[in-house]
Amino acid sequence: MQISPSILSADFANLQSELEAIGNADWAHVDVMDAHFVPNLTLGLPVVESLLKVSPIPIDCHLMIEDPDRWAPPYAEAGAKSVTFHIEAATDPVTLARNIRGQGARASMALKPGTPFAPYLDLLPELDMVLVMTVEPGFGGQSFMADQMPKVRQVREAVAKHGGEIWIQVDGGVSASTIEQCAEAGADVFVAGSAVYGADDAASAVDELRALASAHWHA
């Protein structure tokens, strides 16, 4: 069970210390938003390059941007170990995933809540992770959408049939009260923003979330 705290909920004026506070996590989840694909603007490649120099853990970039075919591979080239593009924005997802992998990163496809998984089943051989959004992408602090759990189960079943090691990530409203149902549905990578950075002790929150997920996970 992997915990990937989202720095979207961190203090942007002190990102280095905020990363150091989650040194016991598996990943640091960095949300890149372009104010086009989603109605919010966060940070881009120059900031990610700076974060890569100081982060004690690998960086997991979630690109909520238009034209990921062009803009996603440079994040992998810069050193992000996992790069997620939105299938709704990708023109040629097979080539894109191969380009991300070619730069040494794990390639991941994200699905918005309204996007079905079935049409993209054939992409599994090109992917290292599938991200099922459990909120509408764009803003942190939203309420968890439990109605996405059947999609998580669908992806888990498809991955089991396909074989290989493909992770299933959930992102949005993940907390101590919702992570159990995500783990039961088959997710194994959990993005948590305010549940970690809103806690008194971010590292303790990471440990608690990992323990809860581990206790409830089944494939």
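The values are calculated or read from the model by the stated rules, or taken from the named source; none is laboratory data. It should be emphasised that the depicted structure is a prediction, and the values quoted were computed from it without experimental measurement. Using ideal geometry, Cβ is built from the backbone for each residue, glycine included, and neighbour counts are taken over all protein chains shown.
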Exercise. Out of all the residues in the stretch 164-182, which are part of a strand (DSSP E or B) and either in contact with a Ser or Thr (Cβ under 7 Å, 6 or more places away or on another chain) or in contact (Cβ under 8 Å) with a residue 40 or more places away in the chain (or both)?
Worked result: 167, 169, 170, 171
For this session: Within the stretch 142-163, track down each residue that is surrounded by fewer than 17 Cβ atoms within 10 Å (Cβ to Cβ) and either in a helix (DSSP H, G or I) or touching a residue at least 40 places away in the same chain (Cβ under 8 Å) (or both).
Result: 146, 147, 150, 153, 157, 160, 161, 162
Seminar exercise, completed: Only unsatisfied item for residue 107, checking (1) in a loop (DSSP other than H, G, I, E, B); (2) in contact with a Lys or Arg (Cβ under 6 Å, 6 or more places away or on another chain), is (1)
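Residue-wise test of (1) within 24 Å of residue 19 (Cβ to Cβ); (2) at pLDDT 95 or above.
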site: 168; (1), (2): no, yes
site: 175; (1), (2): yes, yes
site: 185; (1), (2): no, yes
site: 192; (1), (2): yes, yes
site: 217; (1), (2): no, no
Problem set entry | Answer from 60, 67 - the residue that is in contact with a strand residue (DSSP E or B) (Cβ under 8 Å, 6 or more places away or on another chain), in contact (Cβ under 8 Å) with a residue 12 or more places away in the chain and under 19 Å from residue 108 (Cα atoms) | 60
Exercise. If you check every pair at least six apart or on different chains, which have Cβ atoms under 7 Å apart with a residue in the stretch 112-125 that is under 20 Å from residue 147 (Cα atoms) first and a residue that is in a loop (DSSP other than H, G, I, E, B) and of a type outside the set (Val, Ile, Thr) second?
Worked result: 112/88; 112/136; 112/137; 113/136; 113/145; 115/88
